[in-house]
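The values are calculated or read from the model by the stated rules, or taken from the named source; none is laboratory data. As the structure is a computational prediction, the values presented were derived from the model and not from experiment. Cβ placement follows ideal geometry from the backbone for every residue including glycine, while neighbour counts extend to all protein chains displayed.
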């Protein structure tokens, strides 16, 4: 069964262990710049937004790549970069609506989330339930359940009124 | 040169000339003093001219963090600021958290050393190696929340340390805040920044922290994660933060006017305590790397201040002042908490000071006319807000309040203020031994060189009545040697606090130097062997647990020597007279200072003896409190010893 990383921004508290863990497994050092994911504090909304490659079904990065360097790993569902084919034109970075592909100036290469071969490090280090790695059909159920909760609360207010 | 654990660079900023100099981290100093507090203490020793006015342009101000900050070790966001404080004239390292120290490391810097005074308001921008003093014309006059939000708007996801109007007006109780979630620098850090025309610091970094032995580091880090996942109180702490400890806190902090003890009364609990807190709106947020975030934006959900919000490290601070001010609902506490933070005033210090004024008014020794017609009615929330405003802007009587207890002594006389308060080194304590007993926190307020503060006692006996076995376990965790523990337990009162507290102080010095959060839950996840493994693996510099304790002792002795040089001696460590007067509760019962286990009422002689024991345990002269030459030599600190004057 295909797995996905389900995000729940409401549970994200900004600890950034997802980014630190990503940076550590991929680069052997701790940082945010080279992490394949990111957490941004949006103070106007008082919320931390965890962001990463959504492994889109119809990915603009794959469409735009002139070298066909981006392909989908059928096993994990991740869109991965073939560094031998990549010419570093950065067009994928331009078209990604989530800023999920970035240019690493040190290694002179594009970097992005590859789902850690189906065992994502970020999820393992999220202690708050903001990230979950689960079968796609289960994820649908989880979202529906959460949606039902919101609706139930609204309905109970209507009843009280 | 490659640096591991450390970022590897230091910034030296001269605000007078605008000069910005980048230097490689002095590894000799870093190895000897660990980082954070330790390194800052050593730098301050060289740069601080003894006896200098803390508001003088040359007075240095150092920000930075430790070698574990920026790594993924859980709970390592600590940022430290080291300076001479205007409230007390003492020096010390203030701790904060949130993103600033973390971002500073990722930008490539371990420390930022600031001196001088800018000719007009500026803020310091550090975006990777792009370091600049920027015009703060549009920020000056803004409150702390507005300032921080404006800088977030400009720089996105960055770390900000900022001051409010109280700092701009050189308040001696003005502090700063890190990313609105963590206050830093009680005792006047805000005022010192204001005196330098420095409105804020911003840091943002895209770099990374290298680890000398990733595999070894990872092993320890993963074991901490495994423990965190199994931690049974995780959910409760996320929900309630340190308010979870309300049954203890409401006893420890439930007093007013230095004499009246208000225990955990049901109505207090319902109006402004835990029950009221549970009904507030809450948005959790926290520091980078934390596994048990407990900061939150609280929102009043009912009453006059419905909809008011407050970014807070913990609602407990508001609850403490709500008890003192006799507030009627949590919304009032949220409002006052938010306003003290917006002004950038230390809310514990200012609430003690306002409590003092209310008390004088209740006793009939101070009229509202005496303070320019301001309301002095306890419980009048608008009156309290006006007092804070006047204090922040130094208007009318607020000008005296802005100078803290020194201002009060100017108005009421030294003797009178001393009689009415429990000042230690010119400031009020946080921990009240007539209620809690003289545990590590209460006792350490006397001998803490910086003056009494919340972190006093490091992590000894935070909560009431811990069984001796728990205390012994914690001693082991802190790296206390068997012999030291035996000496500390050699007491008819089960524990000799004077001797025990030396280890608590070393544990605190270690956290403050390496960049680990000192909150009690985080604190208790660490042990000296874990700290030693993480430090050695991260930096490649091998320090055994035993070594680390010596390093921590070195840091503490440097801290002490700085304050000896400022003229602080044993006389400044003496307990206040009021500790030996009773607190009286609502039933009229008297409460006296007792030992931690509440088996004996303590006399001044008892406390004095513990101070002597503390000095002896430390190898300091019991008459003066000065570290002996032998002790300094043992720690490799010969260069800090006072030099005898050479004859021509």
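The figures follow:
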{"item": "Unique match (being assigned to a helix (DSSP H, G or I), buried (at least 20 other Cβ atoms within 10 Å of the Cβ) and either away from chain A (no Cβ under 14 Å) or in contact with a helix residue (DSSP H, G or I) (Cβ under 9 Å, 6 or more places away or on another chain) (or both)) among B:44, B:11", "result": "B:44"}
{"item": "Answer from B:489, B:493, B:464 - the residue that is over 28 Å from residue B:585 (Cα atoms) and either surrounded by fewer than 22 Cβ atoms within 10 Å (Cβ to Cβ) or assigned by TED's automatic domain parsing to the domain that holds residue B:92 (or both)", "result": "B:489"}
{"item": "Single condition residue B:392 does not satisfy, out of (1) assigned to a helix (DSSP H, G or I); (2) under 27 Å from residue B:442 (Cβ atoms)", "result": "(2)"}
{"item": "Helices (runs of 4 or more DSSP H) contained entirely in the stretch A:1-109, each with at least 3 residues that are within 26 Å of residue B:7 (Cβ to Cβ) and within 14 Å of chain B (Cβ to nearest Cβ)", "result": "A:17-27"}
{"item": "Leading residue by the ranking (farthest from residue A:15 (Cα to Cα)) among those in the stretch B:61-83 that are out of contact with any strand residue (DSSP E or B) (no Cβ under 7 Å at 6 or more places or on another chain) and within 12 Å of chain A (Cβ to nearest Cβ)", "result": "B:67"}
{"item": "Verdict on residue B:321 being farther than 24 Å from residue B:431 by Cβ, surrounded by 20 or more Cβ atoms within 10 Å (Cβ to Cβ) and assigned by TED's automatic domain parsing to the domain that holds residue B:381", "result": "no"}
{"item": "Test set (1) part of a helix (DSSP H, G or I); (2) out of contact with any helix residue (DSSP H, G or I) (no Cβ under 7 Å at 6 or more places or on another chain) - residue B:237 fails condition number", "result": "(2)"}
{"item": "Some residue of the stretch A:52-72 being within 30 Å of residue B:180 (Cβ to Cβ), buried (at least 18 other Cβ atoms within 10 Å of the Cβ) and either modelled with pLDDT of 95 or more or in contact with a strand residue (DSSP E or B) (Cβ under 8 Å, 6 or more places away or on another chain) (or both)", "result": "yes"}
{"item": "Among residues of the stretch B:275-309, those that are within 12 Å of another protein chain (Cβ to nearest Cβ) and either surrounded by fewer than 17 Cβ atoms within 10 Å (Cβ to Cβ) or not in a loop (DSSP other than H, G, I, E, B) (or both), counted", "result": "11"}
{"item": "Test: residue in the stretch A:137-159 that is under 22 Å from the mean Cα position of the chain (by Cα) and farther than 20 Å from residue A:11 by Cα", "result": "yes"}
{"item": "Selection from the stretch A:113-137 of residues that are in contact with a helix residue (DSSP H, G or I) (Cβ under 8 Å, 6 or more places away or on another chain), part of a loop (DSSP other than H, G, I, E, B) and at negative phi", "result": "A:113, A:125, A:126, A:127, A:128, A:130"}
{"item": "Qualifying residues in the stretch B:84-129 (those that are in a loop (DSSP other than H, G, I, E, B) and within 14 Å of chain A (Cβ to nearest Cβ)) - the one surrounded by the fewest Cβ atoms within 10 Å (Cβ to Cβ)", "result": "B:129"}
{"item": "Candidate set: the stretch B:396-413, residues that are in a helix (DSSP H, G or I) and over 26 Å from the mean Cα position of the chain (by Cα); chosen: the one surrounded by the most Cβ atoms within 10 Å (Cβ to Cβ)", "result": "B:412"}
{"item": "Members of the stretch B:344-380 that are surrounded by fewer than 13 Cβ atoms within 10 Å (Cβ to Cβ) and in a helix (DSSP H, G or I)", "result": "B:363, B:369"}
{"item": "Single unsatisfied condition, residue B:642 versus (1) assigned to a helix (DSSP H, G or I); (2) touching a helix residue (DSSP H, G or I) at 6+ places or on another chain (Cβ under 8 Å); (3) surrounded by fewer than 16 Cβ atoms within 10 Å (Cβ to Cβ)", "result": "(1)"}
{"item": "Residues within the stretch B:181-233 that are in a loop (DSSP other than H, G, I, E, B) and within 11 Å of another protein chain (Cβ to nearest Cβ), tallied", "result": "8"}
{"item": "Odd one out for residue B:270 among (1) in contact (Cβ under 8 Å) with a residue 24 or more places away in the chain; (2) surrounded by fewer than 24 Cβ atoms within 10 Å (Cβ to Cβ)", "result": "(1)"}
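Listed here are the residues, each with its yes/no results for (1) touching a helix residue (DSSP H, G or I) at 6+ places or on another chain (Cβ under 8 Å); (2) in contact (Cβ under 8 Å) with a residue 24 or more places away in the chain.
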residue	(1), (2)
B:147	no, yes
B:151	no, yes
B:160	yes, yes
B:166	yes, yes
B:210	no, yes
B:215	no, no
